[in-house]
Amino acid sequence: MFAIVAVPAFAHDPAGPTQAAAAGAHAQANPHAATQSDHGHAAPTTHAATAIDSSTLASQDLSRYLFDAARAGDVDVIKSLLARGVQVDARDERGSTALILAAYYGKNDAVRTLLEAGASPNLGDSARGNTALMGALFKGEIESARRLLADPRTDVNARNAAGQTAAMFAALFGRADLVEALAARQADFALTDASGATAEALARTQGNAALADRLAVLSRGRGG
């Protein structure tokens, strides 16, 4: 039985957006779209909907729909909201950005869209400081992690509140297929977390000897 040492936690709601929230996101991002009556027929856009589309509505009122769209991977809504002035790095009530949510839920196209729109890959959530890359590694969303690693702005040695790096997440959760990608981005495998553990040590606590041995080589700078 293997011990889990300082396993990171995430505060995201695993349920994701409700259908109503998703519908609201479409309505807010596309205010000229017709609404549906109780009988399923298209109803004309109301004056109230037109008012929502006016410049009197502050962009922060639409931010919540950006988070729903990120969870759902709805690229069209994301683009519409950003075009209307919603800040790409806005934070939800738990301190997560849309990019953190998209990576956590494995919405690869949303990750790409947000990065192209200028979202910072290095912001951590307010609760624990976990970045989008850490979230992707935690969940095993390999393609999202690769997209983040392909962005030259991504700091692979960024730390969360516990002093953990992306390499440590890879070690804890057995993401051996991403260790070489981290090495290619000059990840420092010799760093220690707040408890003094290296990525190698964390892999050994999980009983992953093969990964730990590889991390030991990388931490000594002998990546070949």
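The values are calculated or read from the model by the stated rules, or taken from the named source; none is laboratory data. Because the structure is predicted, anything quoted here is derived from the model rather than measured. Note that we place each Cβ from the backbone using ideal geometry, even for glycine, and neighbour counts take in every protein chain shown.
Residues checked against (1) among the small types (Gly, Ala, Ser); (2) at pLDDT 95 or above; (3) touching a Pro at 6+ places or on another chain (Cβ under 6 Å):
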{"residue": "Leu81", "(1), (2), (3)": "no, yes, no"}
{"residue": "Glu93", "(1), (2), (3)": "no, no, no"}
{"residue": "Thr97", "(1), (2), (3)": "no, yes, no"}
{"residue": "Gly106", "(1), (2), (3)": "yes, yes, no"}
{"residue": "Leu123", "(1), (2), (3)": "no, yes, no"}
{"residue": "Ala127", "(1), (2), (3)": "yes, no, no"}
{"residue": "Asn157", "(1), (2), (3)": "no, yes, no"}
{"residue": "Gly174", "(1), (2), (3)": "yes, yes, no"}
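Kindly indicate whether Gly129 is more than 30 Å from Asp68 (Cβ to Cβ) and assigned to a loop (DSSP other than H, G, I, E, B). Taking the combined requirement at face value, the residue does not satisfy it. Only residues that are in a helix (DSSP H, G or I) and either touching a strand residue (DSSP E or B) at 6+ places or on another chain (Cβ under 6 Å) or charged (D, E, K, R) (or both): list them for segment 73-101, please. The answer is Asp76, Lys79. Condition check: in a loop (DSSP other than H, G, I, E, B) and either closer than 16 Å to Gly73 by Cα or of a type in the set (S, T, N, Q) (or both). Does Ser144 satisfy that? No, not satisfied. Could you grab me the full set of residues in segment 202-218 that are assigned to a helix (DSSP H, G or I) and either buried (at least 19 other Cβ atoms within 10 Å of the Cβ) or in contact with a strand residue (DSSP E or B) (Cβ under 6 Å, 6 or more places away or on another chain) (or both)? Of everything in segment 202-218, those that are assigned to a helix (DSSP H, G or I) and either buried (at least 19 other Cβ atoms within 10 Å of the Cβ) or in contact with a strand residue (DSSP E or B) (Cβ under 6 Å, 6 or more places away or on another chain) (or both) turn out to be Leu202, Ala203, Arg204, Leu211, Ala212, Arg214, Leu215, Leu218.
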